[in-house]
Amino acid sequence: MLTPGRLLNLATSSAGVLVVLAGCAGAPAHRTARPIVDVTAVHTVDPGSVPGLSTVTRSEQNDRRHVFAGYPRIPGAEPLTDALAKAVEAQVRPFEAATKRPGTLPGASVPELNVRWSLAAASGDVVGVRLLADQFLGASGGESRQTLWYDGSARAVRPSAALIDGKAGLAGLTEAVRARLGTETNPSRVRAVPDTYSSIAFNDDGDMVVEFSDYSVAAGAAGRIAAALPRATYDPLLSEFGRRARDAAVATPSKLALGSRAPAARSSAPPSARPSAPPSTRTPPPARTDCTKVKCVALTFDDGPGPYTARLLDMLAERKARATFFVVGTNADAHPELLRREAAGGHEIGNHTQSHRDLSRLPAMQVNSDIQRTDEIVRAATGRAPTLLRPPYGATNATVAGVARSLGMPQILWNVDTRDWHDHDARIVADRAVSNARPGAIILMHDIHRTSVEAVPRILERLRDKGYTFAAVSELLAGRTVTPGARYRDGGDR
Ligand code: NI
């Protein structure tokens, strides 16, 4: 199973982790015999295994700010969806206020906020959702970490501290955590109050993982501060709900039962038993259109799949139009059935990275893992790894180009921006797409917005009237020499 955050955790783990490992001398032998793993990596449930789960995504890309934030919507757990929306809003609002004018940062650097999620538990009547918010604002910024829990029997959202039993429990937890953190931590800031504990979850072995936001208990440069507590240590500290949360987090396979409102289980098998995919190939879907002979444009849809993607696929099928979907791994992971529909419809699936971070700020190792995790999700669902990379926000540099080259992928940008994230108006979006289209154009849209999808019938009709054929990006580029790592904004001169 793919575990969002694991690679990042390994890359950013602080000395605190080593202290934790050293502190495991009394742990069972199998643990010390294993290769070194990050024991503070939080257990992750496959979102594709949760019936009816959908994703909510908001994004913004301009010269003021880059924002990408997502969270899950789980049927039967509406109060949790509301709390997640509020938690995301609490990140976005102050960020927007701090980036009101262009040029908050010197040079071409654009402030960035990225909020991503994973499921820490989804079993019985308990759900745990972990939210990671990365903020880049020049010298300030860092990652904040929060895990919200949902108690289905009470239909109530619980903060992480509710896993712990009262004041005495918090005091015991604080003592245990302090004993395991490294010297970079300021112990006086690890206090026995609920606010200290914004993220409590569990690892794959059922140990409790207590993690902190950057700056909350140490200097920002220390990276992620987290501790893993063995069961014997944390068990006496748990509240009644904490015990249920722990049981849900370690339950396999996960079976969620949030009451009659949840739809019947999907027919899809658990991830390990999903239909076996053919061997991986990095080849585009078969060409149907020769864009050196006919007038082509490529419609591209970024950031999905999402709640409107199925409708978009119906529209494209009815009108026999081909498109390219640049999918984000966290959304793709939650919707493998939509990936399969995209592929079965003859559309091209490109890679828009796992977490939608601005790649130009990340080291090569992280750029590489962010691309490859999405490759793996697409390959597992469709049997075909993407051949095209679209860096989020179109933000790229020599490091990103080098990684793309090593993975054999050209970087696909665009030359027509519908700015559909800004104008939630199907008529405006359609007008922009149609009036700016030229032969060989690559048109940027997002299938996470209802109004963008509603613009599609108009775009198809009007561009077809002008003699255009809707091609996949690979078809559009077929007349050019395509070099891995190089950037392409259109199909070139005809
Ligand atoms: Ni995007």
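The values are calculated or read from the model by the stated rules, or taken from the named source; none is laboratory data. Bear in mind that the values here come from a model prediction, so they are computed numbers and not experimental data. Glycine gets a Cβ as well: all are built from the backbone with ideal geometry, and neighbour counts include every protein chain shown. The protein model used for the area step is the full one, side chains on, heavy atoms only, and it has no ligands, DNA or RNA in it. Shrake-Rupley method; radii C 1.70, N 1.55, O 1.52, S 1.80 Å.
Counting only heavy atoms of the protein chains, get the accessible area per residue of the chain (1.4 Å probe) and round it to a whole Å² value.
That works out to 40 Å² for each residue.
Could you order 71, 308 by accessible surface area, starting with the largest, using a probe radius of 1.4 Å?
Largest accessible area first, the list is 308, 71.
Could you sort 132-138, 238-244 so that the peptide with the highest average Cβ count within 10 Å comes first and the rest follow in order?
With the highest mean Cβ count within 10 Å placed first, the list reads 132-138, 238-244.
Can you give the helix-only mean residue ellipticity at 222 nm for the chain, where every DSSP H stretch with n ≥ 4 adds -39500 (n - 2.57) and the sum goes over all residues, rounded to the nearest 500 deg cm²/dmol?
-9500 deg cm²/dmol
What is the packing order of peptides 157-165, 382-390, taking the mean over residues of other C-beta atoms within 10 Å and listing the highest first?
Peptide ranking by packing, descending: 382-390, 157-165.
Tell me, what is the percent relative contact order of the stretch 47-250, built from C-alpha pairs under 8 Å that lie six or more residues apart?
17
Choose one of 387, 323, 476: the residue whose Cα lies farthest towards the positive end of the charge dipole of the stretch 296-488 (beta-carbon charges +1 Lys, Arg; -1 Asp, Glu; about the Cα centre).
Towards the positive end, the residue furthest out is 476.
Among the helices of the chain (complete DSSP H runs), which have Cα atoms covering no less than 18 Å along the helix axis and a Kyte-Doolittle mean of at least -1.0?
Span-like helices, by this rule, are 78-98, 166-180, 364-382, 450-465.
Suppose each label sits 7 Å from its Cα in the direction of the beta carbon; what would the residue 219-residue 155 distance come out to in nanometres?
A separation of 5.0 nm, rounded to one decimal place.
What is the dipole size for the chain, taken about its Cα centre, with +1 at each Lys and Arg Cβ and -1 at each Asp and Glu Cβ, in debye to the nearest 20?
Its charge dipole is roughly 780 debye.
Quickly work out the residue 63-to-residue 315 label distance, labels modelled 7 Å from Cα along the C-beta direction, and quote it in nm with one decimal.
Simple spin-label model gives 3.0 nm for this pair.
So what is the relative contact order of the stretch 296-488, in percent, for Cα pairs below 8 Å that sit 6 or more residues apart?
For the stretch 296-488, the relative contact order is 31 percent.
As an exercise, use a Förster radius of 45 Å and the Cβ-Cβ distance of residue 464 and residue 365 to find the FRET efficiency, rounded to the nearest 0.05.
My answer for the efficiency is 0.50.
Just order 354-366, 398-410 by mean Cβ neighbour count inside 10 Å, highest at the front, would you?
Sorting 354-366, 398-410 by mean packing, highest first, produces 354-366, 398-410.
Only bridges with both residues in the chain count here: give the DSSP antiparallel percent, nearest 5.
About 65 percent, rounded to the nearest 5.
Between rounded, prolate and oblate, where does the stretch 47-250 land on the alpha carbon gyration tensor, with a ≥ b ≥ c its root eigenvalues, rounded for a/c under 1.5, else prolate if a/b exceeds b/c?
oblate
Could you look at the chain and say what percent of its accessible area is carbon and sulfur, using a 1.4 Å probe and all protein chains?
53
Taking R0 as 22 Å, what FRET efficiency do you get between residue 482 and residue 376 from their Cβ-Cβ distance, rounded to the nearest 0.05?
The computed FRET efficiency comes out at 0.45.
For residue 247 and residue 105, compute 0.36 nm times the residue count separating them, minus their Cα-Cα distance, and round to one decimal in nm.
Gain on extension, residue 247 to residue 105, equals 46.5 nm.
Students often get this wrong: which residues of the stretch 287-320 have the backbone nitrogen under 18 Å from the point 7 angstrom along Cα-to-C-beta of residue 422?
Once the point is set 7 Å along Cα→Cβ of residue 422, 302 turn out to lie under 18 Å by backbone N, inside the stretch 287-320.
Using only alpha carbon pairs under 8 Å that are at least six residues apart, calculate the relative contact order of the chain and give it in whole percent.
15
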